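Trainee: Once you've had a glance at the structure underneath, I'll fire off some questions.
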Amino acid sequence: MRQRKILLKGRGAYPGVAEGIAVVCPDSIAGNSGSLGDTDGIIYETHNSNRGVCIKDKILVLPGAKGSSGFSAHFKSAALAGFAIAGWVVTKMDTRIGGAIVSLCVPAITDFEGVDPLQVLKTGDLVRIDGTKGTIEVLKSVLKD
Amino acid sequence: MLHLTDYEKKMLSGEFGEFRQAAMRVICDYARVLGADKLCTVRRATLFIGAHHYLDCMDMQQDYTSIFSKFYLNKDEPIPFERMAPECASQTCAAACDLYDYKSTNLSKDFFDRNNNFLNATSRVGVSIVNSCTPYYVGWVPLMGEHFVTNESSNTLMSNSVFGAYGNADGVETAVCSAITGRTPYWGLHVRENRYGNALFKIETQPKTQFDWDLLGYTVGRFLPPHGKPILSADFEQPDINMLRQCFSSLATTSAAEICHITGITPEARDEIDALEGKKPEFEYVIAEKDIQESLAMLCDEGSGPVDLVSIGCPHLSLEELRDIAWMLEGEKVAKGTDLWIWTDYATQVMAERSGYVAMIEGSNAKVLNSSCPLVMREESHKRYSIMVMNGAKQAHNIRGQTDAKVYFGDVKACIKAALRGRWEA
């Protein structure tokens with residue numbers, strides 16, 4: 001991995017600074033029972049490109065939420081079981097994910113204009129997000145020169 | 001900047017008690033996360049609470065007050081229950097267990113007791129025990145323009161699209177806090193100008209049955225872009241509410257749609273122009289028969305073979321559907337080694353009992369069950385089965401995340417036929 005910095009700017013939705021490995025989910029993660037392990041934080045959703053990945057300490061990069069309105073409860077459950085994510089990067093806000101953000105109380109950035117973090121960030125990037133300023137830094141990219 | 005009324009400020013300052021204060025803090029944080037600048041009054045709520053499996057992370061030795069405070073109110077210390085907001089009619093969504101029968105669905109007495117204890121605790125403060133994912137069958141109908149919260153995604157679509165009521169797909173925790181405070185952020189579909197459609201789907205196939213509408217919803221959801229608000233456009237034959245229920249439950253399975261306009265059918269879509277506010281759609285797609293067949297192939301495993309579980313009633317069935325099933329099963333017997341579960345809410349179940357339908361159904365050795373479904377009961381209820389038949393695209397899609405069993409998907413008649421034969425025929 002080479003050192004590089006990319007600065008993305010969105011709206012800070014929940015304050016605080018977090019660092020972690022990005023997990024980019026272009027099709028989000030379904031909120032239905034069983035799609036995310038309530039007690040192990042593992043993505044079990046069929047056909048999800050990150051199936052088998054544990055969300056603990058990760059920065060989740062999502063277009064928004066999808067599926068059941070139980071979305072937030074499964075992330076909350078995993079967090080209380082010791083598998084909390086470090087932060088959220090969300091292309092555009094919706095209420096399913098808004099509910100999850102307020103319930104988990106970890107930094108979140110959303111409502112990007114003119115740029116989609118799903119297109120810029122890669123799974124495996126080490127990123128720092130500032131939910132107060134609404135900024136994202138890539139500390140280490142998985143992309144080769 | 002969030003602006004609160006004097007009443008809301010008093011609630012936030014604790015003047016109406018610690019319970020409502022804690023919930024109001026969550027609602028205000030929620031408003032800031034969304035970017036809302038005020039709150040609106042919520043008149044109806046359905047809540048996905050009880051001993052649901054998202055609470056499996058909690059220490060069940062502690063009392064429910066502690067669990068409730070931690071999970072829904074973000075409070076480490078227990079806050080005693082107080083009454084829910086009087087202006088809001090609050091009730092429970094689908095539950096994790098039938099209200100009376102745990103044995104037929106392979107669940108434990110401990111779990112059954114816990115679920116009822118949790119439901120009793122919240123009913124004492126005003127969350128009525130209804131345990132339905134189709135609450136409109138038993139009187140929960142928000143009016144046009146009325147603000148609601150619900151944790152049932154198909155009900156979000158039904159209430160917005162068909163009743164013209166105003167609501168978003170709220171999370172469990174925030175919906176609970178809305179029911180306690182009677183408030184939710186004035187944001188998203190609570191705001192009139194945000195309700196127009198932006199994704200136009202021309203429907204080439206004419207849906208005629210519940211099964212057709214189920215597949216149509218699933219298919220539209222597959223192609224709907226994130227944050228899309230679909231408009232289904234065609235010269236539709238008049239659907240009934242049960243058909244739209246199937247369409248909305250499957251649409252909410254493959255997408256995050258919260259409103260769905262159907263031209264000539266739903267009140268905010270007399271025609272395409274009405275639904276689009278005269279604007280051009282941001283996205284257009286033509287749904288053809290091949291798209292529908294693709295969906296069917298995704299939902300129903302290939303081949304024929306023996307089956308050991310058949311489940312009908314996702315979402316929960318109406319009284320007239322129980323009558324139709326009773327007529328299909330009268331004088332018949334479910335095959336030995338196959339279980340047939342029929343799901344509804346318990347109020348409808350009581351009406352079906354009094355009408356004689358339950359006796360006709362259970363005379364075949366099928367079970368009429370209430371409040372839940374295999375998906376919500378989770379693995380413990382269905383892990384003993386290896387080949388399932390599911391009615392309802394939502395159930396057939398999502399159950400695969402919980403099991404390695406083969407899953408067939410069909411309409412009610414095909415499901416009944418499979419249960420009577422003990423075998424699915426492709």
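The values are calculated or read from the model by the stated rules, or taken from the named source; none is laboratory data. All of these numbers come straight from a predicted model, not from anything done at the bench. Neighbour counts are summed over all protein chains in view; Cβ atoms, including those assigned to glycine, are modelled from backbone coordinates with ideal geometry.
Trainee: Can you pull out every residue in the range A:97-112 that is more than 7 Å from chain B (Cβ to nearest Cβ) and free of Cβ contacts under 8 Å to residues at least 40 places away in the same chain?
Mentor: Those that are more than 7 Å from chain B (Cβ to nearest Cβ) and free of Cβ contacts under 8 Å to residues at least 40 places away in the same chain: A:Ile97, A:Leu104.
One line per residue, one yes/no per condition, for (1) assigned to a helix (DSSP H, G or I); (2) within 24 Å of the chain's Cα centre (by Cα):
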| site | (1), (2) |
| --- | --- |
| B:Ala45 | no, yes |
| B:Tyr54 | yes, yes |
| B:Phe71 | yes, yes |
| B:Arg83 | no, no |
| B:Ser90 | no, yes |
| B:Asp101 | no, yes |
| B:Leu107 | no, yes |
| B:Asn120 | yes, yes |
| B:Asn131 | no, yes |
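Trainee: Does at least one position in the range A:48-60 carry a residue that is acidic (Asp, Glu), closer than 24 Å to B:Asp59 by Cβ and within 9 Å of chain B (Cβ to nearest Cβ)? Can you show your working first?
Mentor: Taking the range A:48-60 as the starting set, the residues that turn out to be acidic (Asp, Glu) are A:57.
Next, only the ones that are closer than 24 Å to B:Asp59 by Cβ stay: A:57.
Then drop every residue that is not within 9 Å of chain B (Cβ to nearest Cβ), which leaves none.
No - not one qualifying residue is present in the range A:48-60.
Here's the yes/no breakdown for (1) surrounded by 17 or more Cβ atoms within 10 Å (Cβ to Cβ); (2) acidic (Asp, Glu); (3) closer than 17 Å to B:Tyr137 by Cα; (4) not assigned by TED's automatic domain parsing to the domain that holds B:Leu107:
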residue	(1), (2), (3), (4)
B:Val310	yes, no, no, yes
B:Asp345	yes, yes, yes, yes
B:Ala352	yes, no, yes, yes
B:Ala396	yes, no, no, yes
B:Gly401	yes, no, no, yes
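Trainee: For the range B:370-394, which positions are over 13 Å from B:Cys314 (Cβ atoms) and either of a type in the set (Val, Ile, Thr) or not assigned by TED's automatic domain parsing to the domain that holds B:Thr344 (or both)?
Mentor: Hit for the range B:370-394 is B:Ile387, nothing else.
Trainee: From the list B:Thr184, B:Thr219, B:Thr205, pick out the single residue that is under 30 Å from B:Val26 (Cα atoms), in contact with a strand residue (DSSP E or B) (Cβ under 7 Å, 6 or more places away or on another chain) and either surrounded by fewer than 24 Cβ atoms within 10 Å (Cβ to Cβ) or touching a residue at least 40 places away in the same chain (Cβ under 8 Å) (or both).
Mentor: Selected residue: B:Thr184, the only one of B:Thr184, B:Thr219, B:Thr205 that is under 30 Å from B:Val26 (Cα atoms), in contact with a strand residue (DSSP E or B) (Cβ under 7 Å, 6 or more places away or on another chain) and either surrounded by fewer than 24 Cβ atoms within 10 Å (Cβ to Cβ) or touching a residue at least 40 places away in the same chain (Cβ under 8 Å) (or both).
Trainee: Sticking with this one: Can you pull out every residue in the range A:72-91 that is in a loop (DSSP other than H, G, I, E, B), within 8 Å of chain B (Cβ to nearest Cβ) and out of contact with any Ser or Thr (no Cβ under 7 Å at 6 or more places or on another chain)?
Mentor: A:Thr91
Trainee: Can we say B:Gly35 is closer than 30 Å to B:Asp113 by Cβ, not assigned by TED's automatic domain parsing to the domain that holds B:Met377 and not hydroxyl-bearing (Ser, Thr, Tyr)? Write out each step before concluding.
Mentor: Details: closer than 30 Å to B:Asp113 by Cβ: no; not assigned by TED's automatic domain parsing to the domain that holds B:Met377: yes; not hydroxyl-bearing (Ser, Thr, Tyr): yes.
Against the criterion (closer than 30 Å to B:Asp113 by Cβ, not assigned by TED's automatic domain parsing to the domain that holds B:Met377 and not hydroxyl-bearing (Ser, Thr, Tyr)), B:Gly35 does not qualify.
Trainee: Kindly establish whether B:Gln91 is among the polar types (S, T, N, Q) and free of Cβ contacts under 8 Å to residues at least 12 places away in the same chain.
Mentor: Numbers: among the polar types (S, T, N, Q): yes; free of Cβ contacts under 8 Å to residues at least 12 places away in the same chain: no.
Criteria not met by B:Gln91.
Trainee: When the range A:89-131 is examined, which residues are found to be polar (S, T, N, Q) and either under 19 Å from A:Gly67 (Cβ atoms) or touching an Asp or Glu at 6+ places or on another chain (Cβ under 6 Å) (or both)? Spell out the reasoning first.
Mentor: So in the range A:89-131, the residues polar (S, T, N, Q) come out as A:91, A:95, A:103, A:110, A:119, A:123.
Residues satisfying the conditions are A:Thr91, A:Thr95, A:Ser103, A:Thr110.
Trainee: B:Arg43 fails exactly one of the following numbered conditions: (1) touching a Lys or Arg at 6+ places or on another chain (Cβ under 9 Å); (2) more than 14 Å from every other protein chain (Cβ to nearest Cβ). What is the number of that condition?
Mentor: The number of the failed condition is (1).
Trainee: Within the range B:387-406, take every residue that is in a loop (DSSP other than H, G, I, E, B) and in contact with a strand residue (DSSP E or B) (Cβ under 7 Å, 6 or more places away or on another chain) and give me the one that is nearest to the other protein chains (Cβ to nearest Cβ). Break it down into steps so the answer makes sense when it comes.
Mentor: As a first pass, look at the range B:387-406 and keep what is in a loop (DSSP other than H, G, I, E, B): B:391-392, B:402-405.
Add one more test, that the residue is in contact with a strand residue (DSSP E or B) (Cβ under 7 Å, 6 or more places away or on another chain), and what stays is B:391, B:405.
On the way: B:Asn391: 17, B:Ala405: 13 Å.
In this case the residue turns out to be B:Ala405.
Trainee: Let me ask something else about it. Considering (1) assigned to a helix (DSSP H, G or I); (2) away from chain A (no Cβ under 14 Å); (3) within 24 Å of B:Phe111 (Cα to Cα); (4) of a type in the set (A, V, I, L, M, F, W, C), say which one B:Ala419 fails and leave the rest.
Mentor: Of the numbered conditions (1) assigned to a helix (DSSP H, G or I); (2) away from chain A (no Cβ under 14 Å); (3) within 24 Å of B:Phe111 (Cα to Cα); (4) of a type in the set (A, V, I, L, M, F, W, C), the odd one out for B:Ala419 is (3).
Trainee: Okay, next question. So, in the range B:54-78, of the ones that are of a type in the set (Asp, Glu) and within 13 Å of chain A (Cβ to nearest Cβ), which residue ends up nearest to A:Ala78 (Cα to Cα)?
Mentor: Within the range B:54-78, the subset of a type in the set (Asp, Glu) is B:56, B:59, B:63, B:76-77.
Of the ones still in play, those that are also within 13 Å of chain A (Cβ to nearest Cβ) are B:56, B:59, B:76.
Working: B:Asp56: 9, B:Asp59: 14, B:Asp76: 17 Å.
My answer is B:Asp56.
Trainee: Here's another thing I want to ask about it. How many residues does the range B:276-304 contain that are of a type outside the set (A, V, I, L, M, F, W, C) and part of a helix (DSSP H, G or I)?
Mentor: Total meeting the criteria: 6.
Trainee: Please state which of the following conditions B:Lys333 fails to meet, knowing it meets all the rest: (1) part of a helix (DSSP H, G or I); (2) under 17 Å from B:Leu309 (Cβ atoms).
Mentor: Unmet condition: (1).
Trainee: Something else about it: I'm trying to understand the selection: among the residues of the range A:113-145, which are surrounded by fewer than 15 Cβ atoms within 10 Å (Cβ to Cβ), of a type outside the set (S, T, N, Q) and within 14 Å of another protein chain (Cβ to nearest Cβ)?
Mentor: Listed by number, the list holds a single entry, A:Glu113.
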